[in-house]
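Below: one structure, written as structure tokens.
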Amino acid sequence: MHKSFLENSCKLDFEQSRTIMLWSIALATPFFVFFGWLSDKIGRKWIMMAGMLLGIICYRPIFSQFLQDTNVKAWVKDESNTSRVLISSDSSRQENNFIVQNVYQYSYNENKFTQSTRDTVYIEGTVYPPLTGLDEAGAAQVNTVEVADAKPLYSNVILSSSSYWKFVALVWLMIIFVTMVYGPIAAFLVEMFPTRIRYTSMSLPYHIGNGVFGGLVPFIGLLLTTTFPADPLVGLWYPIGVAALCLVIGTIYLRNKIDENVND
Amino acid sequence: MNNIKKILGLVWLLAGPVLIYFLVSGAIENIDPAGKKEINNPVIWCIIILIFLPIAIGISIFGWYAWKNEYDHLPEESSDL
């Protein structure tokens, strides 16, 4: 979710987006072990509930910060970026803050031309290379392509060093919320169900639940975005809603006690 | 706390049918053979409704048990189950 949001909605540079994810995952992964260990000491339930609560509270502000810092709207409007941006579309709609128009234009100046190896356009199944060629006077050509539908393969919003590490920290924080829930959960579920019903009551629904609720995030997110196009972060309400449901049910209907005997 | 569990049971009981209602009405509204978006594809909607149907039934059953005070005493060990 984070990766596709950074690349598709924030138009972040491919390499920066991927290294942000790598740093965040590498730095957050040890916390699976930490929160598992902590849950042995103080009980599992409240660590998991705290992770869900923090996710519910922080998801929208964090994603909002991503949009604000990459500032895609201003970036698209900046003339110096025109060689990197596919400006497109029907002026009546906006997608993820990206202005979509019907005319697609790549304009190159000499400097940009020599550095624009990543400027690739995907139009109706065809990948177009960067527009190339110099005119007889040696100046870069300005070419215009008109198509019905198109999207950029990727864009190159480049973050400053401070913003880059801020993004790493924010993604790291979101993964920490995940570790708070997933670190203790396996032991928590094993302790909750005796062996004779552990597979049917826990393992099967757990894996179906993970697949269903996780796998449907893109579609439900798209559904919400289509239904409420004014809010670019409206798709977040689905994972927030599922987490809120789990928080309420977990808080009220589950106990914190650890059942020491897991072999019965 | 037991009263909260019981009253929330009604919420879970109703959440199942409400969820299915919104999914079906969303499908009717968005399925469009002429549309090119993923959201216009009837196959995806059928899959999603089929997946969520047992989940919705499950949450309604959970609500029913909560309403019947089945969760007033939470098990402390396996023999309580």
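Just so you know, all these numbers are worked out from the coordinates, no wet-lab data involved. Computed from a predicted model, the values in this text were never measured in an experiment. Cβ coordinates were reconstructed from backbone atoms using ideal geometry, including for glycine residues, and neighbour counts include every protein chain displayed.
Just a few scattered comments:
- For chain B: relative contact order, % (alpha-carbon pairs under 8 angstrom, 6 or more apart): 50
- With 23 Å as the limit, the listed pairs A:Lys41/B:Lys68; A:Lys41/B:Lys6; A:Lys41/A:Lys166; A:Lys45/B:Lys6 have A:Lys41/B:Lys68; A:Lys41/B:Lys6; A:Lys41/A:Lys166 beyond it between alpha carbons.
- For the pair B:Asp80 and A:Lys166, a Förster radius of 56 Å applied to the C-beta separation gives a FRET efficiency near 0.70, rounded to the nearest 0.05.
- Hz values of 3J(HN,Hα) by residue in region A:19-30 - Karplus curve (6.51, -1.76, 1.60), Gly and Pro given as x: 6, 4, 5, 4, 4, 5, 5, 4, 7, 9, 4, x
- Quotient of Cα Rg and 2.2 N^0.38 Å for region B:10-60, N being how many residues it contains: 1.25
- Nearest 10 degrees, 0 to 90: helix B:2-30 Cα axis against chain B principal axis: 10
- Computed from the C-beta positions of B:Ser25 and A:Leu245 and an R0 of 25 Å, the FRET efficiency is 0.75 to the nearest 0.05.
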